[in-house]
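Here the structure is laid out as structure tokens; the discussion comes afterwards.
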Amino acid sequence: MAKTPSAIGSGSKSENTSQAKTIRLKPILLTLFKAGVVIALMFAAFLGALFVFLPLPEPSIPEATRIYDINGDTVSSLFVENRVVVPYDEIPESFKKAVVAVEDKRFFSHKGIDLSSIGRAFLRNFKAGEVVEGGSTITQQLAKNLFLTHDRTIKRKVLEAIYTVKLEMRYSKEEILEMYLNIIYLGHGTYGCETASRLYFDKPATGLTLAESAMLAGIITGPEIYSPYHSIELAEKRKSIVLNLMVEQGMLEEALISSCL
């Protein structure tokens with residue numbers, strides 16, 4: 001059926017109106033785009049200036065003060081955080097590998113912030129229905145624990161990123177890992193691998209077995225959940241996850257897992 005002249009005219013008017021609106025919107029959209037670019041550049045400049053002029057504080061890892069009797073035996077300890085700092089070489093390789101496997105498998109290759117790991121950890125944890133892999137890098141966690149609060153604010157995240165990069169620039173990977181393993185909270189008022197090893201296994205960290213290292217590393221993500229004092233079943237399940245991650249990442253032969261279960 002042929003269109004009437006009035007219908008044709010109506011369609012033309014509608015098209016003209018639409019074109020006119022588009023023409024009027026273009027300058028507005030262009031202005032908004034330019035404003036967005038300017039704001040982004042200003043924010044980038046601000047972050048650059050903040051990075052240059054914000055100094056990295058000196059790391060401080062407080063230890064417990066021990067009181068001894070005349071025979072040299074410890075009779076008491078005074079502390080805000082119950083911790084005994086141990087050097088890198090006295091921390092078992094099994095524990096170092098277990099922590100890297102579960103918390104930050106690309107630790108020795110990234111520069112502090114690893115966007116791909118954050119995305120991968122999110123997907124893996126979502127599929128598993130529980131936290132099986134950490135998102136923040138070890139250096140990010142160290143920066144937060146050394147210098148910042150645990151508030152979930154934009155300011156804190158920006159400072160965390162800056163401190164993370166600066167830690168990577170100043171310290172070696174081994175120094176960063178040493179600080180991290182001495183500062184992490186491992187439940188029941190214990191901080192660092194030495195104090196936690198004595199609490200959970202009644203031995204110094206140097207004596208940790210592979211199974212004990214895996215269990216201790218598994219506690220980091222949730223000390224109030226995975227502590228064997230809270231639930232030995234969850235602690236054992238978490239240990240198995242850590243051991244399997246070590247196998248996946250070529251840190252451990254699969255045949256050794258059976259001896260740890």
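The values are calculated or read from the model by the stated rules, or taken from the named source; none is laboratory data. All figures in this text were calculated on a predicted structure; none of them were measured in a lab. All Cβ positions, even for glycine, are placed from backbone atoms using ideal geometry, and neighbour counts span all protein chains on display.
Could you list, ordered by first residue, the pairs with Cβ atoms under 7 Å in which the first is in the range 220-247 and within 14 Å of residue 196 (Cβ to Cβ) and the second is among the basic types (Lys, Arg), at least 6 apart or interchain?
Correct list of pairs: 226/238.
Could you tell me whether residue 235 is among the hydrophobic types (A, V, I, L, M, F, W, C), touching a helix residue (DSSP H, G or I) at 6+ places or on another chain (Cβ under 8 Å) and under 28 Å from residue 120 (Cβ atoms)?
yes
Give the residues of the range 122-144 that are at pLDDT below 95, under 10 Å from the mean Cα position of the chain (by Cα) and farther than 16 Å from residue 158 by Cα, sorted by residue number.
Those that are at pLDDT below 95, under 10 Å from the mean Cα position of the chain (by Cα) and farther than 16 Å from residue 158 by Cα: 133, 134, 135.
Go through 160, 178 for me and flag whichever is surrounded by 14 or more Cβ atoms within 10 Å (Cβ to Cβ), at pLDDT 90 or above and farther than 23 Å from residue 215 by Cβ.
On the way: 178 fails: farther than 23 Å from residue 215 by Cβ.
The match here is 160.
Are there any pairs, at least 6 apart or on different chains, whose C-beta atoms fall under 8 Å, with the first in the range 165-176 and closer than 11 Å to residue 107 by Cα and touching a residue at least 40 places away in the same chain (Cβ under 8 Å) and the second surrounded by fewer than 18 Cβ atoms within 10 Å (Cβ to Cβ) and hydroxyl-bearing (Ser, Thr, Tyr), and if so, which?
Filtered contacts from the range 165-176: 174/88.
In the range 216-229, which residues are at pLDDT 95 or above and either over 19 Å from the mean Cα position of the chain (by Cα) or of a type in the set (Ser, Thr, Tyr) (or both)?
226, 227, 228, 229
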